[in-house]
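Bear in mind these aren't lab numbers, they're just calculated from the coordinates by the rules spelled out. Fair warning: this is a prediction, and the values are worked out from it, not measured in the lab. Cβ coordinates were reconstructed from backbone atoms using ideal geometry, including for glycine residues, and neighbour counts include every protein chain displayed.
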Amino acid sequence: MSTKTELYGEITPFNDGFLKVSEIHSVYYEESGNPKGNPVIFLHGGPGGGTSPRDRRYFDPAVYRIVLMDQRGAGKSKPAAELRENTPKHLISDIETLRNHLGIDKWVVFGGSWGSTLSLLYAEAHPDRVKALILRGIFTLRRKEILWLYQEGASFVYPDHYEEYISVIPEVERHDLVSAYYRRLTGPDKEERLKCARAWSKWELATSRLFIDEELLSKVDNDEWALQFARIECTYFVKGGFFDTENQIFDNAYKIKHIPTTIVQGRYDMVCPMISAWELHKQLPNAEFFIIPDSGHSTKEVGTYRKLVETAEKYKNL
């Protein structure tokens with residue numbers, strides 16, 4: 001019997017709306033698939049990246065009740081690019097608020113990149129609400145991971161795009177690029193904020209696939225998306241993710257060892273290098289661990305999305 005590995009067809013939500021989660025924030029959410037099906041929540045990357053219609057297509061719509069949520073300040077959530085009251089603890093609270101709002105007891109949690117971070121943080125905070133974890137492109141927000149992409153490391157592989165990334169920062173400030181970007185992305189000069197948001201976002205998009213996708217790079221021409229992505233992401237990074245300790249995810253991994261977990265990692269992921277997935281797997285020895293030998297970071301790479309669909313098939317009847 002063959003295993004499903006291709007994305008499901010395009011579907012439209014049967015329910016969507018905005019959930020007010022604070023005096024400042026309202027988060028966008030949607031449901032598609034089977035209203036009485038196995039609940040799964042898709043947690044997007046960034047932070048600040050937002051969801052897209054493609055994110056519904058990993059899951060069998062006849063079986064899954066597919067929930068997407070744009071995190072605070074991201075996607076359709078309001079206000080856009082807002083940094084106040086925007087920390088992982090707030091996002092975890094929003095996920096729980098949404099779960100209760102939708103009348104869901106437990107769900108499968110699916111997240112990639114920053115979405116894997118948030119999935120792990122949520123599961124560690126609420127292990128009794130998680131049926132299974134599907135994680136891709138593991139990111140744990142440790143300093144060495146930030147430095148690899150935004151200071152020095154990936155720069156050795158993409159020196160052409162790195163040159164463009166650092167060009168907006170004066171040479172005297174380039175010893176700490178994340179802090180230099182943060183000052184500008186949160187500063188009063190609107191023109192400089194946008195210029196830096198585009199440069200920051202373009203660098204990450206350029207490094208996210210084995211073969212650079214020029215169409216993907218054009219995403220930075222959307223001013224609102226670039227500001228959401230760069231402002232929120234850079235703020236989280238300069239603040240150490242607002243974590244209690246740098247190793248918070250690993251320190252609390254024992255709380256989720258019993259949860260069925262699958263980790264999918266591109267061997268040549270330049271955004272979230274494989275070392276973090278490897279170290280997480282050692283903390284969760286019962287987890288399935290798949291290295292995709294011809295993939296980078298993006299879920300649009302064939303080996304990665306096929307394994308994610310296959311994994312979602314495995315958990316659909318939990």
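Quick check: net charge around Asp128, other residues with Cβ under 11 Å of its Cβ, Lys/Arg +1 and Asp/Glu -1? Around Asp128, the charge tally is +3.
The H on the amide N of Gly266, modeled in the peptide plane, is under 5 Å from the matching H of Gly137, Ile292, each at least 5 residues off or on a different chain.
For Lys131, the residues whose modelled amide H falls within less than 5 Å of its own, excluding neighbours fewer than 5 places apart on the same chain, are Trp107, Val108, Val109. Between the C-alpha center of the stretch 1-32 and that of the stretch 86-157 there is a gap of 17 Å. Highest mean packing comes first when the peptides 264-270, 308-314 are listed by Cβ atoms within 10 Å, giving 264-270, 308-314.
Please check: in the Gaussian network model of the chain (C-alpha springs, under 10 Å), which one of Arg231, Arg57, Arg84 has the largest mean-square fluctuation. Among Arg231, Arg57, Arg84, the largest GNM mean-square fluctuation belongs to Arg84.
Positive contributions from Lys and Arg (+1) and negative ones from Asp and Glu (-1), summed over other residues with Cβ under 13 Å from the Cβ of Ser295, come out at +3. When only the Cβ of Lys, Arg, Asp and Glu is charged (+1, +1, -1, -1), the dipole of the chain relative to its Cα centre reaches about 880 debye. In order along the stretch 219-230, phi translates into HN-Hα couplings of 4, 6, 6, 7, 4, 5, 4, 4, 5, 4, 4, 6 Hz, rounded to whole numbers, per the Karplus curve 6.51 cos²θ - 1.76 cosθ + 1.60 with θ = phi - 60° and x for Gly and Pro. Once you reduce the stretch 57-74 and the stretch 167-210 to the center of their Cα atoms, the two points are 31 Å from each other.
The residue list Leu205, Pro53, Asn38 was ranked by how far each Cα lies along the charge dipole of the chain toward its positive end, using unit charges on Cβ atoms, and Asn38 comes out on top. In the chain, taking the dipole from charged Cβ atoms about the Cα centre, the farthest positive-side position among Gln151, Ile92, Ile256 is held by Ile256. Normalised by residue number, the volume inside the convex hull of the Cα atoms of the stretch 93-156 is 85 Å³ per residue. Straight Cα distances below 20 angstrom link Lys316 to the aspartates and glutamates Glu6, Glu10, Glu30, Glu31, Asp55, Asp60, Asp105, Asp128, Glu288, with same-chain residues fewer than 8 positions distant left out. Listed values for the stretch 8-15 are Karplus-derived 3J(HN,Hα) couplings in whole Hz (6.51 cos²θ - 1.76 cosθ + 1.60, θ = phi - 60°), namely 6, x, 5, 9, 10, x, 9, 7, and x replaces Gly and Pro. Of the peptides 43-50, 171-178, the ranking by mean beta-carbon count within 10 Å, highest at the top, reads 43-50, 171-178.
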